[in-house]
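So the structure is just underneath, and the comments pick up after that.
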Amino acid sequence: MRQAQVTRNTLETQITVEIHLDGSGQATLDTGVPFLDHMLDQIARHGMIDLTIKAKGDLHIDAHHTVEDIGITLGQALAQAFGNKKGIRRYGHAYVPLDEALSRVVIDLSGRPGMAFHVEFVRARIGEFDVDLVHEFFQGLVNHAMITLHIDNLSGNNAHHQAETIFKAFGRALRMALEVDPRAIDLIPSTKGSL
């Protein structure tokens with residue numbers, strides 16, 4: 001079973017993530033950051049991942065620590081759930097539109113953290129949510145899931161739509177990368193023999 005549970009407790013946040021990679025897209029989310037809950041739901045639904053996240057953070061300061069630490073904890077849970085990566089496709093990509101917005105996400109479950117983030121949001125906030133936190137979330141996830149991730153927002157004049165296409169495309173790309181390749185069921189998808 002490709003699943004994991006990770007708890008992260010610091011002086012700033014207390015977070016628990018449960019993940020089942022071969023789920024049905026169900027999410028139970030309580031982060032204290034409503035817009036992030038909406039975005040995490042996109043990952044679960046479009047990635048066909050069952051995801052439970054419970055978080056308490058120092059939101060009286062701002063959402064930065066909470067959002068970043070959720071990315072870190074989700075990354076740790078993904079890394080555990082990946083297992084040895086035998087038989088997976090490893091690479092995934094997705095283009096996702098939402099009205100005028102279009103984003104592309106490309107992922108490599110490489111075992112090496114790396115991120116290229118090319119997003120120019122059209123405004124600084126989506127409701128109360130600081131758009132800089134999208135980058136912080138994915139950087140934390142990438143560093144701890146040990147994946148390579150390219151995120152490109154190709155168009156958009158609505159910041160909510162821009163963000164939503166990014167999270168949906170991430171879910172879709174992750175789903176593709178995690179698919180089992182029936183022709184390589186017993187193989188690690190690397191000439192090195194490990195990922």
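Sum -39500 (n - 2.57) across every DSSP H segment of at least 4 residues in the chain, then divide by the residue count to get the 222 nm mean residue ellipticity, nearest 500.
Details: 4 runs with 67 residues, N = 195.
Helix-only estimate at 222 nm: -11500 deg cm²/dmol.
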> Where Lys and Arg each count +1 and Asp and Glu each count -1, what net charge lies around Gly171 among other residues with Cβ under 10 Å from its Cβ?
Replying inline: +3
>> I need the phi-derived Karplus couplings for segment 110-118: 6.51 cos²θ - 1.76 cosθ + 1.60, θ = phi - 60°, integer Hz, Gly and Pro marked x.
In response: 7, x, 10, x, x, 9, 10, 10, 10
> Quick one: what Rg and Dmax do you get for segment 3-184 from the alpha carbons, in Å?
Replying inline: 15.2, 52
>> Between segment 101-169 and segment 27-73, what is the separation of their alpha carbon centroids in Å?
In response: 14
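No value in this document is a laboratory result; all are computed from the given coordinates. None of the values given here were measured: they were computed from a predicted structure. When we count neighbours, we look across all protein chains shown, and the Cβ atoms used for this are built from the backbone with ideal geometry, even at glycine.
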